[in-house]
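Working notes, structure below.
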Amino acid sequence: MSDSREQKWWKNAVVYQIYPKSFQDSNGDGVGDIRGIISRLDYLKDLGIDAVWISPMYCSPQNDNGYDISDYQDIDPMFGTLADMDELIAEAKKRGIRIIMDLVLNHTSDEHRWFQEAKKSRENPYHDYYVWRDGEPGVYPNEMKATFGGPAWEWVPEVEQYYFHQFAVEQPDLNWENPKVRREIYDMILWWMDRGVGGFRLDVIDQIAKEPDKKITNNGPRLHEFLRELSRETFQKGDLITVGEAWGATPEIAKLYSNPDGSEFSMVFQFEHVGLDQEEGKEKWDLAPLSLVKLKRCLARWQRELYQTGWNSLFWDNHDLPRIVSRWGDDGEYRVESAKMLALVLHGMQGTPYIYQGEELGMTNVKFHDISEYRDIETTNMYDERISEGYAKEDVMHSLYAKSRDNARTPMQWNDGRNAGFTTGTPWIAVNPNYTKINAGAQVNDPDSVYSFYKKLVHLRKEQPLFVDGKFRLLYEDDEQIFAYTREDEEAEMLVCANFTGTPVFCPAVEEWKDGDMLLHNYPGEPSAELKPYEAVLYLRKKRN
């Protein structure tokens, strides 16, 4: 399989992620939908993105916001119809945009037809589609816990067995050891490919090869065997972008996921940088001080180790993560500058950048006053657990303000009108009150806005091969204020230099690169060696032959 950039179109692409419930509501029911997405395609085309990854819109009881699928081959009525989906794919294609669907292949909803059959009897043909163990009520097969709290086992009296669930009770794990399960999945994927889908994002894909008897959840022994078969039977039959979500990935494992031979996926979503602000060995809610040195070393290691051997996804935000400007930037006085700085640092690295809805506007975390305003199952479960364990309410809320998944799920802020232009009805989750100041309407035509900065970055990536192919070198590795690096190929080199703090800092590299072309800068005028708060600059130099 050739590794030419013509074939690997996704290497200089930029992907936009939509969380459909919160993007745009077209019918006033308070929930975003497919027709809402269609109505905003011109906004996305203007931004310059190449593909849109949409979180699940399949039929679902919504116990985990759509990541509990009850029918892989139909659209949930809350989002529209299959005909709407076909129209979205077609309208996006007209604008040069591919639609990436979110696939959850580790588990289904307990309302899926397969599971409804599976729990009827041990002899049912669908019984072995899931992971079962013998036992008796109250005596679990082992002490494994589910990600969302409680035991990872649930008793079913009809079959006198426990089923395994790594997430919610309503999300039974599929049995990938069963070749019939795998065939069902491949046929479903091919069906979507025939409808014109341009790619897939594979949710928690590193957990499909679990071995619960050995307490193995991710990176099981047969994982890459399963993934190669999956790719061979489906993805390799089309020109797709595929990305595997792998929380447990190391650079070595990522080289398997994203091998340039295309045997598994186009690229990997890895999360090592996401856990740097939590106490080691504890949960994500247990916050540790931010360390820029740790962040730089982590990102640089991935840049170095995947160079020419794999491919990474570049992201700060997604539907599961808090808003980056509220974590590593400044969501107060320097919100605009820090949002631009974070964008430049990320997009200047090697990998395919992902922009999460509202990130291009500098949207921030939300601070709801009461737990009743939150909608996320992980958030509400954690709140209940910690309050029952005696944690102070203000400490629990502090953790939610920093890390709740609902920070990313408040409605997209389109304008300063009612409900930020998201819906004419009552939104399923409240709009962040700062929508009157932070919204697309105020930014799209403002050349100095966060949106315009992202737009320039997206276009630069297509113009400069260095963004795709250049070798990465980290500067000032031990500096806790400056994040600076160079990218270099045979024809040119570039410098990205950023101040990650709210106080000025001296950066000699800026002075050294004055002879280069300044391609992007998040302050007006020329930069000096003393970088202002959250100042960032990008220089390019052509090499002399």
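Among the listed pairs 11/94; 437/532; 93/294; 94/367; 145/294; 210/284, a Cα-Cα separation exceeding 32 Å is found for 93/294; 94/367.
In a DSSP loop and with at most 13 other Cβ atoms within 10 Å, the GluC sites (Glu not before Pro) in the range 438-527 are 477, 490, 491. Against the longest principal axis of the chain, how steep is helix 377-388, in degrees 0 to 90 to the nearest 10, with axes from Cα atoms? Rounded to the nearest ten degrees, it is 80.
For the listed peptides 353-364, 56-67, a ranking on the average number of other beta carbons within 10 Å per residue, highest first, reads 353-364, 56-67. With K and R counted +1 and D and E -1, the other residues having a Cβ less than 15 Å from that of residue 372 yield a net charge of -2.
Quick one: angle between helix 292-305 and the longest Cα principal axis of the chain, in degrees between 0 and 90, rounded to 10, please. Its long axis makes an angle of about 80 degrees. Per-residue extension of 0.36 nm, minus the Cα-Cα distance of residue 279 and residue 503, leaves a gain of 78.1 nm for this segment.
Between residue 73 and residue 387, what FRET efficiency follows from the Cβ-Cβ distance if R0 is 35 Å, with the result rounded to 0.05? Numbers along the way, then the final one.
On the way: r = 41 Å, r/R0 = 1.17.
With a Förster radius of 35 Å, E is 0.30.
The calculated FRET efficiency for the pair residue 370 and residue 490, based on their C-beta separation and a Förster distance of 60 Å, comes to about 0.55.
Here r is the Cβ-Cβ distance between residue 45 and residue 286 and R0 is 41 Å; the resulting FRET efficiency, rounded to 0.05, is 0.45.
For the chain, the longest principal axis of the alpha carbon atoms and the long axis of helix 450-463 meet at an angle near 90°.
Bridging of residue 393 to aspartates and glutamates at a Cα separation below 19 Å is possible for 283, 286, 370, 373, 376, 378, 384, 385, 406, once same-chain residues fewer than 8 apart are set aside.
Considering only 427, 390, 401, the residue lying farthest towards the positive end of the dipole of the range 382-435 is 427, judged by Cα position with unit charges set on Cβ.
Length gained on full extension, residue 394 to residue 442, computed as 0.36 nm times the residue gap minus the Cα-Cα distance: 13.9 nm.
Give the relative contact order (percent, whole number) for the chain; include only Cα pairs under 8 Å separated by 6+ residues. Can you show the working numbers first?
Numbers: 1129 pairs, mean separation 72.0, N = 545.
In percent, rounded to a whole number, it is 13.
Are there trypsin sites (Lys or Arg not before Pro) in the range 77-129 that DSSP puts in a loop and that have at most 15 other Cβ atoms within 10 Å, and which ones? Here the sparse-neighbourhood loop sites are 95, 120, 122. Taking each residue as 0.36 nm, the span from residue 116 to residue 184 lengthens on full extension beyond its C-alpha to C-alpha distance by 22.9 nm. The string of couplings for the range 414-419 from the Karplus curve (6.51, -1.76, 1.60, θ = phi - 60°) is 7, 7, 9, x, 4, 6 Hz, one whole number per residue in order, with x for Gly and Pro. Beta-bridge orientation, the chain: approximately 60 percent antiparallel, per DSSP, counting only bridges with both partners inside. Residue-normalised convex hull volume from the C-alpha trace of the range 263-384: 144 Å³ per residue. For the range 113-164, the alpha-carbon coordinates run over 29, 21, 13 Å along the three principal axes, in decreasing order.
Per residue, the convex hull spanned by the Cα atoms of the chain amounts to 147 cubic angstrom. Cross-link partners of residue 471 among aspartates and glutamates, defined as those whose alpha carbon lies under 14 angstrom from its own and excluding same-chain residues fewer than eight positions apart: 305, 488, 489, 490, 491, 493.
Computed from label points 7 Å out along Cα-Cβ, the spacing between residue 9 and residue 480 is 4.7 nm.
For the range 470-542, what is the convex hull volume of the alpha-carbon atoms per residue, in Å³? Could you put the intermediate results ahead of the total?
On the way: hull volume 5.5 nm³, N = 73.
Spread over its residues, the Cα hull of the range 470-542 gives 76 Å³ apiece.
Taking GluC sites (Glu not before Pro) across the range 194-303, the ones in a DSSP loop with at most 10 further Cβ atoms lying within 10 angstrom of their Cβ are 280.
Every helix of 4 or more DSSP H residues in the chain counts as -39500 (n - 2.57), and over all residues that averages to -7500 deg cm²/dmol at 222 nm. Summarising the amide proton neighbourhood of residue 471: residues at separation of 5 or more, or on other chains, whose placed amide H is nearer than 5 Å comprise 488, 489.
Bear in mind these aren't lab numbers, they're just calculated from the coordinates by the rules spelled out. Not measured: the values here are computed from a predicted model. With ideal geometry, Cβ positions are generated from the backbone for all residues, glycine too; neighbour counts draw on all protein chains shown.
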